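The values are calculated or read from the model by the stated rules, or taken from the named source; none is laboratory data. Since the model is a prediction, treat every value here as computed from it, not as a measurement. Here the Cβ is made from the backbone with ideal geometry for all residues, glycine too, and neighbour counts use every protein chain on show. Each accessible area value is taken on the protein alone, full model and side chains, heavy atoms only, with ligands, DNA and RNA left out. Shrake-Rupley method; radii C 1.70, N 1.55, O 1.52, S 1.80 Å.
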Amino acid sequence: MFAVIDTETTWANDVMSIGVVLADDITQETMGGVYYLITPYCNHPAMYENQLYIRDIKPDAIGNRGEIMQKLRAFLDGNGVTRILAYNACFDKTHLPELGSYKWCDIMGLAGYKQHNKKIPASAECSKSGRLKRGYGVEPIYRLLSGKCSYRETHNGYYDAVDELMIVKMLGYPIEKYDEVELK
């Protein structure tokens, strides 16, 4: 299995929530997930603080960072996870140094590049590396791949991890392809 992780942060750049979705390496189907809130930061001002409890989501645990990271590592290790995917993985990996021993791969490293994302139109403005010059975030890429122009990112760690897994599925690559976009 692999995990898709998304974090949400406060205005002071502290992690306030972590969403994790587990997926099967072969089918990329969801095999479970967890949602954690980190105190005291989940009570601090944040751009998306009103998204912590959307759709009646209930956190699997609320606790200080040490407690939550211990639970998260136990969850990942207990499910045999060695590879973590995230959209703009550098952001999440930097905010979760406790998970530095896992293999981190950046979904954006495939989704935002014309040589990997066949839905990027030939007319799109790209850099020499093939990356879109604009519009390569989760929301525009999800819309591009799904054809759902009304899609809006929730900015809830759990639901965003679910959506990022959907991007992985829509791209259609085997999980090993993400080794090309592993963070070192």
- Distance between modelled label sites at Arg134 and Ala61, nm, 7 Å Cα→Cβ extension: 4.3 nm
- Residue pairs, from the table Lys118/Lys148; Lys71/Lys93; Lys93/Lys133; Lys103/Lys184; Lys114/Lys169, whose Cα atoms sit over 20 Å apart: Lys93/Lys133
- Mean Kyte-Doolittle of at least 0.0 and a Cα length of 18 Å or more along the axis: which whole DSSP H helices of the chain meet both? 157-171
- Note on the structure: In vacuo Debye sum over C-alpha of segment 1-110, base-10 log of normalised intensity I(q)/I(0) at q = 0.13, 0.14, 0.16, 0.23 Å⁻¹, listed in q order, is -0.46, -0.53, -0.70, -1.41
- Item | Accessible area of Arg134 in the full protein assembly, 1.4 Å probe (Å², nearest 10) | 150 Å²
- Note on the structure: Dividing the helical contributions, -39500 (n - 2.57) per DSSP H run of n ≥ 4, by the residues of the chain yields a 222 nm value, nearest 500 deg cm²/dmol, of -8000 deg cm²/dmol
- Give the share of C-alpha pairs in each 10 angstrom bin for the chain, from 0 to the last occupied bin, in whole percents, shortest bins first. 10, 38, 36, 15, 2
- Task: Sort the following peptides by mean Cβ neighbour count (other Cβ atoms within 10 Å, averaged over residues), highest first: 38-50, 119-131.
- Result: 38-50, 119-131
